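Okay, structure first, notes after.
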Amino acid sequence: MNSLAHSLLLGNGRRCLHGCARLTLGQPSHATHPNLIASNEVTPRITVQEYRSRRDKLADVISSYDTSKRHVVVVPSHDRSYMAAGVPFIYRQHSNMRYLSGFLENESVLVMEIDNTGHHSTLFVKEHSAHENIWEGQRSGTNGALQLTGVDRTENIKKLETSLIHSAVNEDTLLWYNQTTPVSPSLHSKYLEPLVRRVQPSNIRNADSYIESLRLVKSEAERDLMRKCGDLTSEMFIESMKFSVEHPDEHALFAKFDYECRINGASNLAYLPVIAGGKNALAIHYIRNDQAIASDSMVLVDCGCDLHGYVSDVTRTWPVSGRFTAAQREMYEAVEEIYNTCIQFCKAGEYSLDDIYSIMMALTAKQLIRLGVASGSMSDKQLSQVNHSVSILVLGVVFTSSVFSEVVFSQIL
């Protein structure tokens, strides 16, 4: 147990999570998932120190914007969304909030106060409620959130407006908050809009682009999670491909992908997948996923998983019978050749994504002409229009033209 764990006690006498398993939080922790989260981690693989380092880096970037002023950065959580009255969707924390704190509960706001002497972080959270404990389960509350995340201070969310008015309504202070498109309309209307009205418009900035720039550079722990997410997604596709031979049905495949995702450790699918058999793949974002698939057809699947906040996005097309027809194989091998060629150009510092995209477009045009799908007499504009199609229909079979589907794009959404 570290010194912080020894010294901090909850009001009811229960010690912090690194020392005792009796503390109940609103998210997984070392106390509840010691096989998944180490004693110095807030979320799997991401330590208290790494979250603190992220806040340090943001403070440096923001303070350098104007060294003559104080800065107050406000980062809210997402609102909970509902599919019907009282029936919530799966909650996913806003990526910027998660990146800077690791706190996964809604109705929370991270506030960073920055000046030329350093910075101080306060996490405003919703306190325990007997009613919510019965209906939805325990929240972390101020004590739990403090000990879990390692921020400097925690406060009840009800104190947010008063606290910010005291710290941010000042001629010498810049308020960094996205008031144009608030990530939490409920927190905005309840606590933050009244604050914004008190601050001169010239003293309001948006920190989102600065936070997102920091997120582009991944730590070793993040890269490890991204690799695991990619491996899990690969296995998810392989098992589902085998499954499709006996179950050529979009709905059944949807269920199989969801099962493989969750049973192997991911929290849920990264997004509503596209599982499109035959001509259904011609719809760019077909998400009905409710049709039977003809035994001689291909199925296009665009799917990914969410592993501890890092997500994958992969598209694959295969014959549900398990075997290609001659025409299917010809097209598949053409796309595979384009893909393998493009991968050779994926070298840091040598080619941009735009460069590789242009190469892909040229190779695709060449293959379409070779296969007789496009004419060699087409203008560059006409070829470009063909290439930009997400799907093509050739010899009665649908194929994806997303040749970069092997790349797993991982991020905190």
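The values are calculated or read from the model by the stated rules, or taken from the named source; none is laboratory data. Because the structure is a prediction, the values reported are computed rather than measured. Note: ideal-geometry Cβ built from the backbone for every residue, glycine included; neighbour counts use all protein chains shown. Side chains are part of the model used for accessible areas, which takes the heavy atoms of the whole protein and leaves out ligands, DNA and RNA. Shrake-Rupley method; radii C 1.70, N 1.55, O 1.52, S 1.80 Å.
Tabulated values for the structure
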| quantity | calculated |
| --- | --- |
| Computed over the chain, the ratio Rg/Rh where both radii use C-alpha atoms and Rh is Kirkwood | 1.04 |
| Reach of residue 366 by Cα under 19 Å, taken over aspartates and glutamates that are not fewer than 8 positions away in the same chain | 330, 333, 336, 337, 354, 355, 380 |
| CD proxy at 222 nm, helix term only [per DSSP H run n ≥ 4: -39500 (n - 2.57); per residue of the chain; nearest 500] | -11500 deg cm²/dmol |
| The range 205-295: Rg to Rh, with Rh as the Kirkwood radius over Cα pairs | 1.11 |
| Residue with peak Gaussian network fluctuation, the chain [Cα springs, cutoff 10 Å], from 29, 95, 352 | 352 |
| Residues of type lysines that residue 228 reaches as a straight line, Cα spacing below 20 Å, ignoring anything fewer than 8 places off in the same chain | 218, 256 |
| Accessible area in the full protein assembly, largest first, 1.4 Å probe, for 83, 226, 360 | 83, 226, 360 |
| Mean Kyte hydropathy of -0.5 or more with a Cα span along the axis of at least 24 Å, helices from DSSP in the chain | 220-246, 326-343, 353-370 |
| Reachable lysines from residue 69, criterion Cα separation under 26 angstrom, eight or more residues apart if same chain | 57, 159 |
| Amide hydrogen neighbours beyond the local backbone of residue 311, cut-off 5 Å, H modeled | 411 |
| Cα gyration tensor shape for the range 94-178, rounded if a/c is under 1.5, else prolate or oblate | prolate |
| Share of carbon and sulfur in the accessible heavy-atom surface of the range 278-347 [1.4 Å probe, %] | 49 |
| Sorted peptide list for 193-202, 279-288, criterion being average Cβ within 10 angstrom, highest first | 279-288, 193-202 |
| For the range 61-126, with +1 on Lys and Arg beta carbons and -1 on Asp and Glu, the positive-most of 124, 84, 72 along the dipole | 84 |
| Neighbour-limited loop hits for GluC sites (Glu not before Pro), the range 54-144 (at most 13 other Cβ within 10 Å; DSSP other than H, G, I, E, B) | 136 |
| Cα shape, the range 233-345, gyration tensor, a/c 1.5 rule | oblate |
| Per residue accessible area in Å² of the chain, where ligands, DNA and RNA are left out and the probe is 1.4 Å | 50 |
| Loop GluC sites (Glu not before Pro), the range 148-235, which have at most 12 other Cβ atoms in a 10 Å radius of their Cβ (DSSP) | 171 |
| Filtered chymotrypsin sites (Phe, Trp or Tyr not before Pro), the range 68-168: DSSP coil and at most 10 other beta carbons within 10 Å | 89 |
